[in-house]
């Protein structure tokens, strides 16, 4: 049975579906990474196709059904977009790369508000960053920590949950380095 949910989402990527619909991969605040079908989104009179620009932060309403890989989008309205740096190709490319990293590293339906907040903050900080590449690398380190993939050399445990890693003899600990650069922005 479907239920109607309301959430905030970042558009990670989109695909055309048929002549008039779009499939969008979204990172939501409360429901994790989801795929939605936006029926008729490419029709001119619909007027929502601009909402599906990669990086847009939108409020969405969708029909959710457990076990269904593709949810049905009911409504979308965007509150912010990364268009302001559209003339700065370097920053736009860096932002697109960050969204690709998120898309490839976040598991579908795994909820973590921290990842959504990280993407939202990165989209606000990147246009102002003195060194956009440094901001990107800091973003990646924070994403690794949030997703539990940040390596540890001296600690033989998961950085995210603290669980001991049985049978592991070594790892990489960049915590000292991370502490020195995390406030660089």
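Read the figures in this text as sums done on the coordinates, not as results from a lab. Worth saying up front: this structure is predicted, and the values here are computed from it rather than measured. Virtual Cβ from ideal backbone geometry, glycine too; neighbours counted across all protein chains shown.
Points worth noting:
- With each label modelled as a point 7 angstrom along the Cα→C-beta vector, the residue 133-residue 75 pair spans 4.5 nm.
- Residue order, fewest to most surrounding Cβ atoms within 10 angstrom, among 68, 29: 68, 29
- Ranking of 78, 161, 58 by count of other Cβ atoms within 10 Å, fewest first: 161, 78, 58
- With a simple spin-label model that places each label point 7 Å from the Cα along the Cα-to-Cβ direction, the separation between residue 2 and residue 66 comes to 1.8 nm.
- Each residue in 1, 30 was given a count of other beta-carbon atoms within 10 angstrom of its own, and listing them fewest first yields 1, 30.
- All Cα-Cα separations within the stretch 3-83 were binned at 5 Å from zero, giving a P(r) of 3, 17, 30, 28, 16, 5, 1, 0, each value a whole percent of the pairs.
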